[in-house]
Amino acid sequence: MLQQPLKAMVFDAYGTLFDVHSVVALCEQLWPGKGAALSQLWRAKQLEYTWQRSLMRRYEDFARVTEAALRYACAALGLRLDEDRRRRLIDAYLGLATFSEVGNALAELKSMKLKLAILSNGSPAMLRPVVANAGLRGLIGTVISVDRRKIYKPAPAVYRLALQRLRVPKKAIGFVSSNCWDACGAKSFGFPTFWINRTGAPVDELGAAPDHVIASLAELPALIRQPGS
């Protein structure tokens, strides 16, 4: 049971609303037999670079980080990345598929008069097209990029951006992520948090655990609906 009614829901983008591994089909088309391995390593290195750059105070926007991670993954797997393949894979990030339950869940949350927002590592130039291409513009009212602070999640300064943009008290903003470390970071900052654990993974031991663990975004509306709403 939630301690108080929520006024806003803030969502991570990549891996939460958008399936980063929807690029597997293209990876497999370009390098048969290597698609899944490339997608997994690309994503892992992408996240690793955000954490390392934040600690080093050497910020580059997410588009550059994503491309650098792709180059690394291809080199590590012995895959030749020419300009055509690079362009096609980077462009694929602008049209990532949403998880199947996303549209209905967001529509139900919006009908509950909640402010809906995205808070993402993605740069504005990446987030605008992926949100538009997924048809979510009418559901997500605010899209917030870490680019304003030049540091990546889970830095507290990133979560503070949601307070500044939404003008809602911290305890009235629910934060949703499929990345456990992100949900832990948001919990440490003070948000009520919801971790979408699609794979049955254990909780990251970071000193601040998510408040709620769900298997799908489809479970969220019923969980936060208040009596009489």
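Quick notes on this structure:
- For the range 1-84, the square roots a ≥ b ≥ c of the C-alpha gyration tensor eigenvalues yield an a/c of 1.5 or more together with a/b not exceeding b/c, which makes the shape oblate.
- With R₀ set to 25 Å, the beta-carbon distance separating A222 from V24 gives a calculated FRET efficiency near 0.20.
- Accessible area per residue in Å² at 1.4 Å probe, computed on the range 153-228: 43
- What the range 1-43 shows is 42 Å² of accessible area per residue, with the surface traced by a 1.4 Å probe over protein heavy atoms.
- Gaussian network model of the chain, Cα within-10 Å springs - most flexible of A209, A201, A76: A201
- Pairwise FRET efficiency - R148 versus A92, Cβ, R0 = 41 Å, nearest 0.05: 0.95
- Whole-number percent relative contact order across the range 148-217, with pairs defined as alpha carbons under 8 Å at least 6 apart: 26
- For the chain, the square roots a ≥ b ≥ c of the C-alpha gyration tensor eigenvalues yield an a/c of 1.5 or more together with a/b exceeding b/c, which makes the shape prolate.
- In the chain, the portion of solvent-accessible area held by carbon and sulfur atoms comes to 51 percent [1.4 Å probe, whole percent, DNA, RNA and ligands not counted].
- Label-reachable residues, the range 12-34, where backbone N falls under 16 Å from a point 7 Å from A201's Cα toward its Cβ: 12-22
The values are calculated or read from the model by the stated rules, or taken from the named source; none is laboratory data. Just so we're clear, the structure is a prediction, and the values are computed from it rather than from any experiment. We place every Cβ from the backbone using ideal geometry, glycine too, and count neighbours over all the protein chains shown. Side chains are part of the model used for accessible areas, which takes the heavy atoms of the whole protein and leaves out ligands, DNA and RNA. Shrake-Rupley method; radii C 1.70, N 1.55, O 1.52, S 1.80 Å.
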